[in-house]
1. Given a Förster distance of 60 angstrom, what is the FRET efficiency for B:Asp367 paired with B:Lys220, based on the Cβ-Cβ distance and rounded to 0.05?
2. Kindly identify region A:100-197 as rounded, prolate or oblate by the Cα gyration tensor criterion: order the square roots of the eigenvalues as a ≥ b ≥ c, call it rounded if a/c is under 1.5, otherwise compare a/b with b/c, prolate if a/b is larger, else oblate.
3. Give me a single rounded figure for B:245-257: the average over its residues of other chain Cβ atoms within 10 Å of their Cβ.
4. On a full-extension model of 0.36 nm per residue, what is the gain between B:Glu94 and B:Gln194, subtracting their alpha-carbon distance, rounded to one decimal in nm?
5. In terms of modelled amide H atoms, which long-range or inter-chain residues lie less than 5 Å from the amide H of B:Val429?
6. At a Cα cut-off below 21 Å, give the lysines reachable from A:Lys145, other chains included and same-chain residues fewer than 8 away excluded.
7. Report the one residue of B:Ile62, A:Val104, A:Ile141 whose Cα lies farthest in the direction of the positive end of the charge dipole of the protein assembly as shown (charges on C-beta: Lys and Arg +1, Asp and Glu -1; origin at the Cα centre).
8. Compute the convex hull volume of the Cα atoms of the protein assembly as shown, divide it by the residue count, and report the result per residue in Å³ as a whole number.
Amino acid sequence: MAKIITKELIAPAVYEMVVDAPLVAHKCQPGQFVIVRTDEFSERVPLTIADFNRGTGCITLIIQAVGNTTRHLCESFNVGDDILDVVGPLGRPSEMGKFGTVVVVGGGIGVAPVYPIARAYHELGNKVISIIGARDKDLIIWQEKMAVISDEVIITTDNGSAGRKGFVTDPLREMLEAGEKIDLVLAIGPVIMMKNVAAVTKPFGVKTTASLNTIMVDGTGMCGGCRVMVGGENKFACVDGPEFDAHQVDFANLVMRQQMYKNQESLEYSCGGHCKCVEE
Amino acid sequence: MRGGMRNPMPEQPANVRNKNFEEVALGYTKEMAVDEAQRCLNCPKPRCVGSCPVNIEIPKFIHEVAQENFAEAYKILKRKSALPAVCGRVCPQENQCEGKCILGIKGEPVAIGRLERFVADYAREHGYDNEAEAPAERKDKKVAIVGSGPSGLTCAGDLAKMGYDVTMYEALHAAGGVLMYGIPQFRLPKEIVQHEISGLKKLGVNIVVNAVIGRTFTIKELMEEEGFSAVYVGTGAGLPHFMHIDGENLNGVYSANEFLTRVNLMKAYQFPNVATPVYVGKSAAIVGAGNVAMDAARTAKRLGAEHVYIVYRRSEEEMPARKEEIGHAKEEGIELRLLNNPTAIIGNEKGWVSGLQCVKMELGEADASGRRSPVAIAGSEYVLDVDMVVMAIGQGPNPLIKDTTPDLEVNKRGNIVADEFGATSIPGVFAGGDIVTGAATVISAMGAGKKAAAAIDEYLQGK
């Protein structure tokens, strides 16, 4: 049982929940995730840990109400209610170190999992440039939190309602073309966005990491539902990832696999197909 | 009696049961059980006992059944087995106790498994199972059990009976391991598994679900920070194998683990009344021929697949599944495609399975295992028309504990190295079941848990 301490609507259909999960908060590292089960009829849904506080024993989850279970969690659960199961931390923590200049790219609610990783980069003395993108200004989340831990924040929206009009890949490409020294790029967001980021950085040989949000059941390596081709090898996102070398990931296969239950459910984490970045 | 034949097990008719998830075998009536028990010769040197991995006093319990002393029979079972209702259903008795029964030489062996099941079910139905036993003297030492499958449950039960303070950690949201996620409802009802586990709780075992050892706590943290004097690792064979052929990442391809976990643990057969979906094709190919493959095939059939094929590269004789399960599968309409080896999974333009390319095989010379090894027949490739493929070719050890416990010795395959009593390379850390042996049976994992419990007791007494 994990009690909901706070719940806030931070963008259309996007909720921020602080949840009492001391065993997770005690151990989790940036880049890891939890699996949540709302009640006995629920799916097991992977959600990234967007923030954590070892002192209070709480973790922060950002939930987009797109699938059956996330909708149920967002619509029927309120402050003081217990989420039946929160298990974690799962997955390998992000690789940490002093790399130099790091560009972090967050698309839609992908900003949430980016945040703790970017904060850790920042604390280790890296220069952090954050690119945050969304379809519309209303869908930009955590801009202020990102500003605190970034040396520079660039906003892009598809419709130009905030920041510059265009996609997250536009400023990234410009930086690379201008010869700016970038040591690492981290991209988290819709699969197509991560694919496009990887395509932009590849010709420049800049190390690029993507955190994959695949279909999962157990999250501990047991089912293989999260398998993804990386460098020609099958990897399990739950135990080998969720972060992988974005230049090695077979994104086309990942996009296809995300359609497995299209008829039965919407997929967690993704922009639900509404995001215009798909068209790029 | 009956010309040396055993009492047959009442079952749901095949063409009824292959459309529902109710239990296939209905269990003996009291009259059948007593009659069957009377067949036992009560051998002075019973061969059955020695071939039971947990050494149940088989003639003794059967003698009590014959006398209609069912409560006494139950007590005898429980002395050695924490999970009689489970073992009576899923043990491969034909290779163990029943395989050694003297009656089997001329006729059929005593139906020991069916009697075990009867006694456990009768006790549960009459409410005298799980009665609190006289508590052993409490010992002031804590033992952690990692994994709540058959091995962990047995080890936990034995240690609790000895008076230890036992905590069992489970990564999933329900205790039981493979008994919950792997073996289907129609072969092992989950309510029965949970009932047996509730017996352990009454013994004082503290069960912590949603705790992934290696992540939530490491083994080292359990011993150094959480105050456990010993740890038993029974994490099973949880990592699914794939064939590494083209097309395995197409939609419509499952590992048996994922398919069965969705249906059993997550109850996807009740979708949309539960939220977890499962995909089932019109025609399904199950690759492999073990018990897991039979379970996957029979599950796919129940979920509405019109054709379900078992695709196996050897012949029926070499199929590793229990004969009984193969028989059940055939009765339910599962089609065997033997001496067929998959070479690729074919997909359509949308990324879904549209066929399984196979090559026909013939049996050649005997290999190291003594089985005639299959050899591909040149030019015999064809495409089996399926829109679903389940890979049921075995499981390996989950790497989580190995990766987070640097001093723990593992072999090339990643299995933990342990001696016959479960001791590993780290003092105080014991291991047993599939994580040590590779994928095997419920009862052999229980046997390992039992031996390790005794070894842990000895280790802690010596400290």
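1. Working: r = 42 Å, r/R0 = 0.70.
Approximately 0.90, to the nearest 0.05.
2. Since a/c reaches 1.5 but b/c is at least a/b, the shape of region A:100-197 is classed as oblate.
3. Numbers: counts 0, 0, 0, 4, 9, 4, 8, 1, 4, 4, 5, 2, 7.
Whole-number average of other-chain Cβ neighbours for B:245-257 is 4.
4. 33.4 nm
5. B:Val231, B:Thr424
6. A:Lys7, A:Lys127, A:Lys137
7. It is B:Ile62.
8. Values: hull volume 126.1 nm³, N = 743.
Roughly 170 Å³ of hull volume per residue.
Read-outs throughout are calculated quantities, based only on the coordinates presented, and are distinct from any laboratory measurement. Keep in mind the model is a prediction, meaning the values are calculated, not measured. Note: ideal-geometry Cβ built from the backbone for every residue, glycine included; neighbour counts use all protein chains shown.
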